Amino acid sequence: DQQVKQNSPSLSVQEGRISILNCDYTNSMFDYFLWYKKYPAEGPTFLISISSIKDKNEDGRFTVFLNKSAKHLSLHIVPSQPGDSAVYFCAASAGEAAGNKLTFGGGTRVLVKP
Amino acid sequence: NAGVTQTPKFQVLKTGQSMTLQCAQDMNHEYMSWYRQDPGMGLRLIHYSVGAGITDQGEVPNGYNVSRSTTEDFPLRLLSAAPSQTSVYFCASSFRDGKLFFGSGTQLSVL
């Protein structure tokens, strides 16, 4: 049973508009969440993270929102750019100091149309 | 400027063969790990290490062995390859904060 789920396998958005990616988790021990971005034939790269003591974290065009009661987080990309076209993975761990023991979702493929 | 280096990039094996996937990092990261990526399933943790001489199992460890004799290297051994091990393998390293740096991956096919 997947503990981290990304229910939308793909998303298409017009350049300049907002992209919203969603992620749900079931394990109540998870308290640190990350988003990774992956281009074809490359390894994932870290994008943004959030600790459970916060409900929002912002880094430039990227904002992550966390709703602990709903066990739900989302990534907003504003404005979306063609270079944002990639697969995005949500990941979770039980503790920021859990090192590399991350549980990943299945990914959402984003296509930004010029 | 190398980061995490994985070799080989592609490999084809026959069922029952063994091989080692190499991984090296030059960032002095204490934590290293191996993940496999399968369609629709994201990345799943195979084995991880929190320092030289210390390894532990992840979510899907069966059929794989690891060792960590130095801080820099973390090879993954397939003992007797099976078609179910056809996948893309990623090595990663990090400090304790979970912000993993990934290699570019090894695409493995087992026939």
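Quick one: A:Cys90 ticks every box in (1) more than 12 Å from chain B (Cβ to nearest Cβ); (2) buried (at least 20 other Cβ atoms within 10 Å of the Cβ); (3) within 14 Å of the chain's Cα centre (by Cα) bar one, so which box is it?
(1)
Please pick out the residue among B:Ser18, B:Ser69 that is of a type in the set (Gly, Ala, Ser) and either crowded, with 19+ Cβ neighbours inside 10 Å or in contact (Cβ under 8 Å) with a residue 24 or more places away in the chain (or both).
B:Ser18
Can you say whether B:Val88 is within 8 Å of another protein chain (Cβ to nearest Cβ), of a type in the set (A, V, I, L, M), in a strand (DSSP E or B) and touching a residue at least 12 places away in the same chain (Cβ under 8 Å), as far as the supplied structure shows?
no
Let me spell it out: the conditions are (1) over 17 Å from A:Phe89 (Cα atoms); (2) surrounded by 16 or more Cβ atoms within 10 Å (Cβ to Cβ); (3) of a type in the set (Lys, Arg), and B:Arg36 meets all of them except one. Which number is the exception?
Here B:Arg36 meets the rest and fails (1).
Name the residues in the stretch B:96-111 that are open to solvent by 40 Å² or more (accessible area, probe 1.4 Å) and at the interface with chain A (Cβ under 8 Å from one of its Cβ atoms), would you?
Residues satisfying the conditions are B:Arg96, B:Asp97, B:Lys99, B:Phe101, B:Ser104.
With (1) within 14 Å of chain B (Cβ to nearest Cβ); (2) free of Cβ contacts under 8 Å to residues at least 60 places away in the same chain as the list, and A:Lys54 as the residue in question, which single condition is left unmet?
All conditions pass for A:Lys54, except number (1).
Identify all residues within the stretch A:75-87 that are open to solvent by 10 Å² or more (accessible area, probe 1.4 Å) and not β-branched (Val, Ile, Thr); write none if there are none.
Step one: filter the stretch A:75-87 for residues open to solvent by 10 Å² or more (accessible area, probe 1.4 Å), giving A:76, A:78-79, A:81-83, A:85, A:87.
A:His76, A:Pro79, A:Gln81, A:Pro82, A:Gly83, A:Ser85 - these are the residues of the stretch A:75-87 that are open to solvent by 10 Å² or more (accessible area, probe 1.4 Å) and not β-branched (Val, Ile, Thr).
Being within 28 Å of A:Gly16 (Cβ to Cβ) and open to solvent by 30 Å² or more (accessible area, probe 1.4 Å) is the filter here; which residues of the stretch A:26-46 pass it?
A:Tyr39, A:Pro40, A:Ala41, A:Glu42, A:Thr45, A:Phe46
The values are calculated or read from the model by the stated rules, or taken from the named source; none is laboratory data. Note that this is a predicted model, so its numbers are computed, not measured. Reconstructed Cβ throughout: ideal geometry from the backbone, glycine too, with neighbour counts over all protein chains shown. Note: accessible area is taken over every heavy atom of the protein model, side chains too, but ligands, DNA and RNA are not part of it. Shrake-Rupley method; radii C 1.70, N 1.55, O 1.52, S 1.80 Å.
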